[in-house]
1. Condition check: touching a helix residue (DSSP H, G or I) at 6+ places or on another chain (Cβ under 8 Å), more than 9 Å from the ligand (Cβ to nearest atom) and assigned to a loop (DSSP other than H, G, I, E, B). Does residue 247 satisfy that?
2. Take the residues in the range 281-307 that are in a loop (DSSP other than H, G, I, E, B) and farther than 22 Å from residue 204 by Cα, then tell me which one is nearest to the ligand (Cβ to nearest atom).
3. Given the residues 214, 164, which is the only one that is within 16 Å of the ligand (Cβ to nearest atom) and in contact (Cβ under 8 Å) with a residue 24 or more places away in the chain?
4. How many residues are more than 8 Å from the ligand (Cβ to nearest atom) and assigned to a loop (DSSP other than H, G, I, E, B) when one looks only at the range 220-239?
5. Restricting the search to the range 65-76, which residues are in a loop (DSSP other than H, G, I, E, B) and under 17 Å from residue 107 (Cβ atoms)?
6. Which residues, taken from the range 121-160, are more than 16 Å from the chain's Cα centre (by Cα) and within 30 Å of residue 241 (Cα to Cα)?
7. If residue 191 satisfies every condition in (1) out of contact with any helix residue (DSSP H, G or I) (no Cβ under 8 Å at 6 or more places or on another chain); (2) crowded, with 17+ Cβ neighbours inside 10 Å but one, which is the exception?
8. Suppose we keep only residues that are in contact with a strand residue (DSSP E or B) (Cβ under 9 Å, 6 or more places away or on another chain) and loosely packed, with under 14 Cβ neighbours inside 10 Å within the range 159-178. Which one would you say is nearest to residue 294 (Cα to Cα)?
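Taken together, the values in this text are just the output of simple stated rules run on the coordinates, not laboratory data. In this text, all values refer to a predicted model and were calculated from it rather than measured experimentally. Cβ coordinates were reconstructed from backbone atoms using ideal geometry, including for glycine residues, and neighbour counts include every protein chain displayed.
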Ligand SMILES: [Zn+2]
């Protein structure tokens, strides 16, 4: 064996030894034990959720027909979780993924859609900042999530059609309990987020959180706003300083659709007059009609021309931290015998 072969053998041995170690240390669970699904679209969003797991599992679900997805499995509190990612961005891909999960994991009771989104600052009602968290909670005239681009053009206006399912009652109730904790200043969110942000790349970013006036557009083509800051005509929207860096939670309407909203004019137009709208995102509408689901988004931009990437990882960690805090509020599975998502859609 020459030295190249010897090196190759050592790499193989190291890989096999690591794989063997993982096989021994990660427990396998049956697909029937899984009762919660979490959907993320982008890799860094899924990693933030994985970092929030108390334990990782393996699982080998039976599959009818071609195998289309690889999943991750873990535990948060008493919940055994499947973490799934659609192949591409968009509600249609998300719906396909959710339908497959529903078929392969019949005991899943509810889902969380966790990721990042573009905030809709609407002062003073919604003083949304980068790194804050948006939750789709039903209001007087909406179910917590709407497809903003699904409707018909009438003579002088666009009329939304369709109506997404509301989140399941247990998740609305758990969110309400977290809201009480926030008011009493005893929310577990900041402690969980502190742990997640010790991971590489997920720390609170050093890039300043600036909201520009809607009429002032991004100047240079680069990712940062150095050119905008150097411009004499720049105009920041004044927002009172916060006493700490912890994210605030904004509960309201999340707008779901196929497009990336990147300028203030569209941001206001596509809000469709809903004062309660807090966030744009691109998957959740495809999931909520397949599995009862609460939508959670970390705010990583303001859906304007200054959209940049510096806050993405931290915002994903904030959303994952909220997801964990929420699940820890809920006891373990409480299924009726032989219950399935189909049954639960009617009962939760
Ligand atoms: Zn800019």
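1. On the way: touching a helix residue (DSSP H, G or I) at 6+ places or on another chain (Cβ under 8 Å): yes; more than 9 Å from the ligand (Cβ to nearest atom): yes; assigned to a loop (DSSP other than H, G, I, E, B): yes.
For residue 247, the condition - touching a helix residue (DSSP H, G or I) at 6+ places or on another chain (Cβ under 8 Å), more than 9 Å from the ligand (Cβ to nearest atom) and assigned to a loop (DSSP other than H, G, I, E, B) - is met.
2. Quick first cut of the range 281-307, residues in a loop (DSSP other than H, G, I, E, B) only: 282-283, 289-292, 302-307.
When the remaining residues are screened for being farther than 22 Å from residue 204 by Cα, the result is 282-283, 289-292, 305.
On the way: 282: 22, 283: 26, 289: 37, 290: 38, 291: 38, 292: 39, 305: 7 Å.
For the range 281-307, the residue satisfying everything is 305.
3. Working: 164 fails: within 16 Å of the ligand (Cβ to nearest atom).
The conditions single out 214.
4. Going through the range 220-239 one residue at a time, the tally reaches 11.
5. Taking the range 65-76 and keeping what is in a loop (DSSP other than H, G, I, E, B), we get 65-71.
Within the range 65-76, 71 is the sole residue that qualifies.
6. Answer for the range 121-160, where residues must be more than 16 Å from the chain's Cα centre (by Cα) and within 30 Å of residue 241 (Cα to Cα): 121, 122, 123, 124, 125, 126, 127, 128, 129, 138, 139.
7. (2)
8. To start, the set of residues in the range 159-178 that are in contact with a strand residue (DSSP E or B) (Cβ under 9 Å, 6 or more places away or on another chain) comprises 159-168, 170-172, 174-175, 178.
Still in the running and loosely packed, with under 14 Cβ neighbours inside 10 Å: 159, 161-163.
Details: 159: 25, 161: 21, 162: 18, 163: 15 Å.
Among them, the one singled out is 163.
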